[in-house]
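One structure below.
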Amino acid sequence: MNARPRQSWDPLRLPDLKGRTYLITGANAGLGYFASEQLARAGAHVVMSGRHPNRLHAAHDAIEARVPGASVETLILDVANPGSVRSAAASLKGGVFSRQKLDGVLLNAGIVHTPRRRRITRDGRELVLATNALGHFVLAGELLTTLAKAASGAHTARMVWLGSMSTRMGTYEPKDIQLEKSYAAWKAYVQSKVVVQSLALEANARLREAGVPVDSVLAHPGYSIGGRSPVVAGVNQPSRWKRLRDGMQAPIAQSKQHGAWAPVRALIDSDVTGGEFIGPKFLTRGAPVRVKPSGTSNDPDVRERVWERCEELTGVHWPFAKAARTRR
């Protein structure tokens with residue numbers, strides 16, 4: 001029997017998402033905001049999360065103004081704070097959001113402009129790693145059974161991790177995962193993304209092995225910048241100088257609105273399967289297509305070591321067996 005042919009994907013004509021619910025972390029600005037807007041425009045109910053209440057409410061109001069009839073709500077969530085992550089997850093599992101099933105989560109929040117000197121969180125974790133990777137590892141684990149419950153028939157729920165094209169620009173094998181021996185701002189960012197990509201691919205392998213009806217997918221936005229993005233009051237208001245400076249990078253850069261195309265496709269395209277990686281066609285810009293992860297993040301030994309180290313640092317072990325039982 002021949003496999004079902006894969007359909008072409010048009011990021012400007014998304015499928016009808018009425019009845020679907022998605023959680024977006026870091027939804028108050030940048031990629032998270034534009035992903036939220038695109039999903040809401042397609043009819044999805046979007047839970048926008050972020051750590052700044054005022055900015056989050058501004059983003060919420062912006063979507064309601066720009067997308068008539070949008071179904072959106074907000075949730076305070078600081079991915080660098082394990083207590084905040086668990087509180088938000090509890091709300092989604094059985095609190096104020098209990099009437100909504102959760103079809104997918106976009107693990108988007110993160111630090112791009114990393115600090116020049118090493119900083120740690122309240123619980124002693126290196127800040128960039130905690131924000132870009134560890135917090136999402138905890139969140140995805142806490143929401144695993146909730147995601148699995150949304151599966152029905154051929155429909156599987158999905159978690160999408162935000163990788164980076166920077167992981168192809170050098171070998172940053174995360175042996176010193178918290179950069180306790182040697183810290184540099186660029187290294188902190190790239191290594192955190194190697195960790196994210198390793199977690200995403202290892203998660204999918206473990207989910208398949210356990211029979212959990214949840215897909216783990218990777219996406220990256222290319223080189224997406226604010227000065228080439230639409231002006232959205234309270235969300236994206238670049239100065240005239242930033243517009244000019246970013247405009248000069250037009251041949252290699254794209255807007256964050258277009259950068260959101262890849263994670264949105266990874267989250268909702270029924271032809272995308274667990275373990276795949278979606279990114280811009282021309283690496284830094286373009287339509288979202290299937291791409292290859294860096295060799296380091298796809299190395300089985302690296303993936304297993306990263307997973308186990310994240311379990312040690314967070315104290316979280318994903319409930320694979322419990323999540324698998326939701327399908328039976």
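Just so it is clear, none of the values below were taken in a lab; they were calculated from the coordinates. Everything quoted here is computed from the prediction, not taken from an experiment. With ideal geometry, Cβ positions are generated from the backbone for all residues, glycine too; neighbour counts draw on all protein chains shown.
Checking the table LYS242/LYS281; LYS187/LYS242; LYS175/LYS292; LYS175/LYS256; LYS18/LYS149; LYS181/LYS322 against a 28 Å threshold on Cα-Cα, which pairs fail?
LYS175/LYS256; LYS181/LYS322
In whole angstrom, note down how far apart the Cα centers of the stretch 1-70 and the stretch 178-200 are.
28 Å
Using a Förster distance of 25 Å, how high is the FRET efficiency between ARG325 and SER8, based on the Cβ-Cβ distance and rounded to 0.05?
0.10
Given a 10 angstrom Cα cut-off, can you work out which residue in GLY50, GLY274, GLY211 is the most mobile in a GNM of the chain?
Fluctuation is largest for GLY211.
Please work out how much length the chain gains when fully extended from ASP271 to ALA250, using 0.36 nm per residue of separation minus the C-alpha to C-alpha distance, in nm with one decimal.
My answer for the length gained is 4.5 nm.
In percent, how large is the relative contact order of the chain, given Cα pairs closer than 8 Å and 6 or more residues apart?
RCO, the chain: 18 percent.
With the Cα gyration tensor of the stretch 21-325 in hand, give its eigenvalues times 5 under a square root as the equivalent ellipsoid semi-axes, listed largest first in whole angstrom.
With the √(5λ) rule applied to the stretch 21-325, the semi-axes are 26, 24, 19 Å.
Could you compute the FRET efficiency for SER87 and HIS52, with r as their C-beta to C-beta distance and R0 at 22 Å, rounded to 0.05?
With R0 = 22 Å, the Cβ-Cβ based efficiency is 0.85.
Mind pulling the per residue volume of the convex hull built on the Cα atoms of the stretch 122-180? Å³ is fine.
119 Å³
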